[in-house]
Amino acid sequence: KFMKDRFGAAVPKGTYADYMASGGDMVGVFTDRCREKGLAPFVSLRLNDGHGHEFANAPKDKIPSWGWHVLSPIHLDHPEWRIGNNLNDWNQRSLNWTIPEVREVKLRMIEEICRQYPIAGFELDFMRHSSYFRLKETTREERVGIMTGFVRKVRGILDETSAGGPRRWLCVRVPAFQAAHDPMGIDL
């Protein structure tokens, strides 16, 4: 509905966006299949993702069929929340995590998944895309405080939503090289 309202065109048929707009439930199908097979379902969420955001200001006929499922209100309605203004630069079109609302949107997504599905664990994918802050405007301590606080809240959501069942796992996907951690606010 958002894309149709925003760009005035129907969701392209036969696409992932069409599946979702038609009531498809990718996470539900996944968790059901895992449980049928005796597997522990984990959900992974990219904490920042710039895929398709180069089309944020494009006319509706220039958005590729795969672009429909990656554009969202937070990216289109709040360009000031991006790292920068150049939509052709992957690092600039990511969201700026110093903005509390950016983190809150992610937390609400995580909470919805945790409340709605019988997952065994959740992975926070810090790797894709790894630009979270305007580095000239933040200190290391500020970045670490933001990210540590975010991870702490996710742990709380996992504990709160486990409904007395087994403790849910929390995983993080971070760069192998520690030199990459500081700009991302990661302090293992």
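The values are calculated or read from the model by the stated rules, or taken from the named source; none is laboratory data. Note that the coordinates shown come from a computational prediction; the quantities given were computed from them, not determined experimentally. Here the Cβ is made from the backbone with ideal geometry for all residues, glycine too, and neighbour counts use every protein chain on show. Remember, those area values only see protein heavy atoms, side chains included, never the ligands or the DNA or RNA. Shrake-Rupley method; radii C 1.70, N 1.55, O 1.52, S 1.80 Å.
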Item checked: Centroid-to-centroid separation of region 150-172 and region 99-118 [C-alpha atoms, Å] -> 12 Å
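Hull surface divided by four, with the convex hull built on the Cα atoms of the chain: how many nm²? Write down the numbers at each step before the final one.
Details: hull surface 47.5 nm².
Averaged projected area of the chain's Cα convex hull equals 11.9 nm².
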Notebook entry, point to check: Taking only pairs that are 8 or more places apart or on different chains, how many Lys pairs in the chain have Cα atoms under 19 angstrom apart?
Noted result: 9
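Please state, rounded to one decimal and in Å, the Kirkwood hydrodynamic radius that region 101-188 gives when every pair of distinct Cα atoms enters the mean of 1/r. Provide the component values of the computation, followed by the final result.
Numbers: mean 1/r = 0.0719 Å⁻¹.
Hydrodynamic radius (Kirkwood, Cα only) of region 101-188 equals 13.9 Å.
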Note to self: To check you understand DSSP bridge types, tell me what percent of the beta bridges within the chain (both residues inside) are antiparallel, rounded to 5.
What the structure shows: 10 percent
Notebook entry, point to check: Measuring from the lowest to the highest alpha carbon on each principal axis, how far does region 61-150 reach, largest first, in angstroms?
Noted result: 41, 39, 21
Item checked: Cα→Cβ-extended label distance, 7 Å offset, between Asp182 and Asp18, nm -> 5.0 nm
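What stretch of the chain, leaving out the sites themselves, is the longest with no trypsin sites (Lys or Arg not before Pro) in a DSSP loop having at most 13 other Cβ atoms within 10 Å?
Values: sites that count: Lys1, Lys13, Lys37, Arg167.
For trypsin sites (Lys or Arg not before Pro) (loop position, at most 13 other Cβ atoms within 10 Å), the longest site-free span of the chain is 38-166.
Just to make sure I understand: if all protein chains stay in place, what is the order of Trp97, Trp169, Trp81 by accessible area at 1.4 Å, largest first? Each step should come with its number before you reach the end.
Working: Trp97 0, Trp169 160, Trp81 35 Å².
Of Trp97, Trp169, Trp81, the descending order of accessible area is Trp169, Trp81, Trp97.
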